[in-house]
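Reviewing the structure listed below.
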Amino acid sequence: MDNRSVKIAPSLLSADFTRLGEEIRALEEAGADILHLDIMDGHFVPNLTFGYPIIKQIRQITKLPLDAHFMVTNPASYIEQYTRLGIEYISFHQEATVHHHRLANEIRAGGSKAGIALNPSTPVETVFDILSWIDFILLMSVNPGFGGQSFIPVVYKKMKQLRQYCRENDLELPEIQIDGGVNGENASLLTDAGCGILVAGSYILKSDDYANRIVSLRS
């Protein structure tokens, strides 16, 4: 993949929430393509983050596409409310539901792109049968729940398996998103392997120069 075409999605989980509006404007000016929203329920992952009221306000102050990653035990109960907000990307975890096709269809019917997320230890083969129903696949390169974790390189093998399966079965490869431990050292390796969306939290938002960090991910 041409590294210049990769989309950079800063994760607001690492933002300063006392100045969230300022942080969003700074990310817009720094060249972010998407804003990544980690939505956690304290059950599927051991952490709680922001919910609908905050995301509704985020939607009102930015025109950047929003990417809602649901780390929740009951993703189906969230979809209608969030598609009405105009969230462009919505992903749910393979491990969190048994009705993957139904949920993906509901997301698409609401006008959003449907994605399925995989924890590092979940085999990529478990989503082969839904690839025709989704628009993107989110490969976690850390165990979800907290920011600032170290990168787990199993995603390289998963991207290779995805490309091979789609090629052998004449399927269009969904857009691949990588989340967790993404930085200037591994970004080019990930995009060369087929990643189209790089999610980065601490690497961008804990730095003094957001634009420089975004440029380093693209290059």
Total Lys pairs in the chain closer than 25 Å by alpha-carbon, pairs eight or more apart in sequence or interchain only?
14
Neighbour net charge for Ser77 - beta-carbon separation under 12 angstrom, K R +1, D E -1:
-3
30 Å tail of the calculated P(r), the chain, as % of Cα pairs:
16
State, as an integer percentage, the relative contact order of the stretch 3-218 based on alpha-carbon contacts under 8 Å between residues 6 or more apart.
23
Length-normalised contact order of the stretch 111-219 in % [C-alpha pairs under 8 Å, at least 6 apart]
24
Skipping prolines and chain starts, which residues have an amide H placed within reach, meaning under 5 Å, of the one on Ala200, given they are 5 or more residues away or on another chain?
Ala9, Ser11
Return the Rg/Rh ratio of the stretch 16-123 with Cα-based radii and a Kirkwood Rh.
0.97
Highest mean first, what order results for 54-65, 80-91, 39-50 on Cβ atoms within 10 Å?
80-91, 39-50, 54-65
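Quick note: the coordinates plus some simple rules give every number you see, no bench work behind them. The model shown is predicted, which means the values in this text are computed figures rather than measured ones. A quick note on method: Cβ atoms are made from the backbone with ideal geometry, for glycine too, and the neighbour counts reach across all protein chains shown.
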